[in-house]
Amino acid sequence: MRDNMNSPEHIDPLKDVYHDSFVDNPAHREFMVEGHTALLCIDLQYLDAAPGHGVFKDAAESGVPAEAQAYYFDRLENMVLPNVRALQDSFRSHDMEVIHTRIQSLTQDGRDRGKGHRRLGLLAPPGSRDADFLEQVAPKRQRDEIIINKTASGVFSSTNIHYVLKNMGVESLFVVGVYTNECVETTVRDACDLGYLVTIVEDCCATVTPELHDASLATLRDRYARIMKLEEAQQVIRQLIPRRGNTTPASP
């Protein structure tokens, strides 16, 4: 009896149902071929992804241990940011939407912030350095890329992004950014509940420990999203979408 309790079927008896619905669903291919897929880049900004700024302005007071900060910024610099830029350029060279979210209040004093961000002391006023995107992965003005500002973990619960995506005919999302276990996971869950087919590119995401990153992906995998690495995601794009326009990535 105990062996049966530990079987994969007992641990997750609905795994096959969810996998067929969200991972192997042929609509992933259809939406990409028909131009209904967008890349969503989450919170790659100075507030939460740059040493010496925002959350990490005072490293000792950030609440994140030094070794966790070292891991996080090493992963960002050497893996996540180069990979996100490569994926952005893949979407751009195939004339696909690249959309950016960031934490930014409507007001300078942040009185419009969500209560959670207020309790955490998160504030990125308009025009502040903390609200700026990291240059390596910033929106391309010449492409008129959409920016969605938010003051909560979930972009779907706190902005009009669902309305915007529906207006553009977007039905599936590739999701990248930070933190894996917070804003990324919340966004993926909400998007799935709203009917989007979601793909997480795992080596384009980061949080402050590998354990948190892996635990978040383990929960989302085969339930709320399919999970790929950058190379696989680029291969899917190359196979399904003809390259359009200027093949040379634009400068920042």
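The values are calculated or read from the model by the stated rules, or taken from the named source; none is laboratory data. Here the structure is a predicted model, which means the values were calculated and not measured. Here the Cβ is made from the backbone with ideal geometry for all residues, glycine too, and neighbour counts use every protein chain on show. For the accessible areas, the whole protein counts, side chains as well, though only heavy atoms, and no ligand, DNA or RNA atoms are used. Shrake-Rupley method; radii C 1.70, N 1.55, O 1.52, S 1.80 Å.
In the structure displayed, which of 140/229; 15/166; 57/150 lie more than 27 Å apart, Cα to Cα? Could the numbers behind the result be given before it?
Values: 140/229 24 Å; 15/166 29 Å; 57/150 21 Å.
From 140/229; 15/166; 57/150, over 27 Å: 15/166.
Computed over protein heavy atoms with a 1.4 Å probe, the carbon and sulfur contribution to the accessible area of the stretch 62-151 reaches 49%.
Only one of (1) 7, 30, 36, 20, 6, 1, 0; (2) 7, 33, 39, 18, 3, 0; (3) 6, 23, 26, 20, 11, 6, 3, 2, 2, 1, 1, 0, 0 was calculated from the structure for P(r) over Cα pairs in 10 Å bins from 0, in percent, and its label is (1).
Grab the DSSP H runs of the chain that are 4 residues or longer, score each as -39,500 (n - 2.57), total them, divide by all residues and round the 222 nm result to the nearest 500 deg cm²/dmol. Don't jump to the answer; show the numbers that get you there.
Numbers: 13 runs with 94 residues, N = 252.
Mean residue ellipticity, 222 nm, calculated: -9500 deg cm²/dmol.
Length gained on full extension, residue 144 to residue 231, computed as 0.36 nm times the residue gap minus the Cα-Cα distance: 28.7 nm. Entry comment: accessible area of the chain is 50 Å² per residue, from protein heavy atoms only and a probe of 1.4 Å.
Starting from the Cα-Cα distance between residue 66 and residue 109, subtract it from 0.36 nm times their residue separation and give me the gain in nm to one decimal. All intermediate terms of the calculation are to be shown ahead of the outcome.
Numbers: separation 43, 0.36 × 43 = 15.48 nm, distance 2.96 nm.
Here the segment from residue 66 to residue 109 would lengthen by 12.5 nm.
Using unit Cβ charges (K, R positive; D, E negative) and no other charged atoms, how large, in debye to the nearest 20, is the dipole of the chain about its Cα centre? Walk me through the numbers on the way to the answer.
Numbers: 27 positive and 37 negative charges, 154 e Å.
Dipole magnitude for the chain comes out near 740 debye.
For the peptides 91-102, 51-62, the ranking by packing is 91-102, 51-62, with the highest mean count of neighbouring Cβ atoms within 10 Å listed first. Paramagnetic label reach from residue 19 (point 7 Å along Cα→Cβ; backbone nitrogen cut-off under 12 Å): within the stretch 212-236, residues 222-223. The order of the peptides 179-185, 135-141, 70-76 by mean Cβ neighbours within 10 Å, most packed first, is 179-185, 70-76, 135-141.
Here the peptides 194-203, 212-221, 153-162 are ranked by packing, the mean other Cβ count within 10 Å, and the order with the highest first is 194-203, 153-162, 212-221.
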